[in-house]
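**Q** First, the structure itself, so that you have it in front of you.
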Amino acid sequence: MDIPESIKTWLNFVHPVLMWLLLALTLYALYSGIQVRRTRSAEGETKKELVKGKFRIKHYQIGSILLATMVFGTIGGMAVTYINNGKLFVGPHLLVGLGMTGLIATSAALAPLMQNGRDWARYTHITLNVTLVGLFGWQAVTGMEIILRIISKL
């Protein structure tokens, strides 16, 4: 089945738009995770106010959405590249993206251990996710460079 060229062209922009939305959601997940930590250590009225925010539930739900979207976004980006070029371009953007998918999956896998009170799992989760946010910022820059190259060829 041949995909019309006009659709192939626009497919190039689905992955970047999705990833920018995912980056914004990742930053909100970071915020909600910080609020979970604040709630854990707070006392009195401050703790009551933070509990009302239901940050633990929000963080867990957002994390699930991030995991699923990251996996499908990674596969989708690779699929579109292959559809449009007949090959994948193995370079830093692809390799870091695959690594990020592994990081987020590992981070999510630590959730049951964190729920059982394992501090090492919590600190590993935090470390993996801070690394993920940093890599995501780098991916945003390199992704825009790729998009600008695609646009220049249109």
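The values are calculated or read from the model by the stated rules, or taken from the named source; none is laboratory data. Not measured: the values here are computed from a predicted model. Cβ placement follows ideal geometry from the backbone for every residue including glycine, while neighbour counts extend to all protein chains displayed. These area figures cover heavy atoms from the full protein model, side chains too; ligands, DNA and RNA do not enter into them. Shrake-Rupley method; radii C 1.70, N 1.55, O 1.52, S 1.80 Å.
**Q** What is the residue count in the range 28-44 for residues that are within 18 Å of the chain's Cα centre (by Cα) and open to solvent by 70 Å² or more (accessible area, probe 1.4 Å)? Please lay out each step first, then the result.
**A** To start, the set of residues in the range 28-44 that are within 18 Å of the chain's Cα centre (by Cα) comprises 28-34.
Within this subset, residues satisfying the condition of being open to solvent by 70 Å² or more (accessible area, probe 1.4 Å) are 28, 30-31, 34.
Total satisfying the criteria: 4.
**Q** What tally of residues in the range 22-39 results from selecting those that are of a type in the set (A, V, I, L, M, F, W, C), in contact with a helix residue (DSSP H, G or I) (Cβ under 9 Å, 6 or more places away or on another chain) and without any contact (Cβ under 8 Å) to a residue 12 or more places away in the chain? Give the derivation first.
**A** The first filter runs over the range 22-39 and keeps only residues of a type in the set (A, V, I, L, M, F, W, C), leaving 22-25, 27, 29-30, 34, 36.
Of the ones still in play, those that are also in contact with a helix residue (DSSP H, G or I) (Cβ under 9 Å, 6 or more places away or on another chain) are 22-23, 25, 27, 29-30, 34, 36.
The next check asks that each one be without any contact (Cβ under 8 Å) to a residue 12 or more places away in the chain; those that pass are 34.
Qualifying residue count for the region: 1.
**Q** Restricting attention to the range 129-149, does a residue exist that is outside any helix (DSSP H, G or I) and either under 16 Å from residue 25 (Cβ atoms) or of a type outside the set (Val, Ile, Thr) (or both)?
**A** Residues of the range 129-149 that are outside any helix (DSSP H, G or I), as a first pass: none.
Checked against the condition, which is being outside any helix (DSSP H, G or I) and either under 16 Å from residue 25 (Cβ atoms) or of a type outside the set (Val, Ile, Thr) (or both), the range 129-149 yields no hits at all.
**Q** Let me ask something else. Which of the residues spanning the range 74-110 are among the aliphatic types (A, V, I, L, M), in contact (Cβ under 8 Å) with a residue 60 or more places away in the chain and more than 20 Å from residue 22 (Cβ to Cβ)?
**A** Selection gives 83 alone.
**Q** Filter the range 77-98 for residues that are among the small types (Gly, Ala, Ser) and loosely packed, with under 13 Cβ neighbours inside 10 Å; which is nearest to residue 61 (Cα to Cα)?
**A** Looking at residues that are among the small types (Gly, Ala, Ser) and loosely packed, with under 13 Cβ neighbours inside 10 Å, I get 91.
**Q** Any chance you could count how many residues in the range 1-58 are hydroxyl-bearing (Ser, Thr, Tyr), under 20 Å from residue 144 (Cα atoms) and modelled with pLDDT of 95 or more?
**A** Taking the range 1-58 and keeping what is hydroxyl-bearing (Ser, Thr, Tyr), we get 6, 9, 26, 28, 31-32, 39, 41, 46.
Imposing the further condition that a residue be under 20 Å from residue 144 (Cα atoms) reduces the set to 9, 26.
From what's left, modelled with pLDDT of 95 or more: 26.
Final tally of qualifying residues: 1.
**Q** A further question follows. Any idea which of (1) over 14 Å from the mean Cα position of the chain (by Cα); (2) over 18 Å from residue 15 (Cβ atoms); (3) in a helix (DSSP H, G or I) is the one residue 117 doesn't satisfy?
**A** Tallying (1) over 14 Å from the mean Cα position of the chain (by Cα); (2) over 18 Å from residue 15 (Cβ atoms); (3) in a helix (DSSP H, G or I), residue 117 fails exactly one: (3).
**Q** Now a separate question. Take the residues of the range 55-76 that are within 16 Å of residue 128 (Cα to Cα) and small (Gly, Ala, Ser): which is surrounded by the most Cβ atoms within 10 Å (Cβ to Cβ)?
**A** 63
**Q** Further question: Can you tell me how many residues within the range 112-154 are charged (D, E, K, R) and over 17 Å from residue 37 (Cβ atoms)?
**A** Narrowing the range 112-154 to residues charged (D, E, K, R): 118-119, 122, 145, 149, 153.
Still in the list and also over 17 Å from residue 37 (Cβ atoms): 145, 149, 153.
Number satisfying all stated conditions: 3.
**Q** If a residue has to be of a type outside the set (Lys, Arg) and open to solvent by 50 Å² or more (accessible area, probe 1.4 Å) to count, how many in the range 45-54 make the cut?
**A** 4
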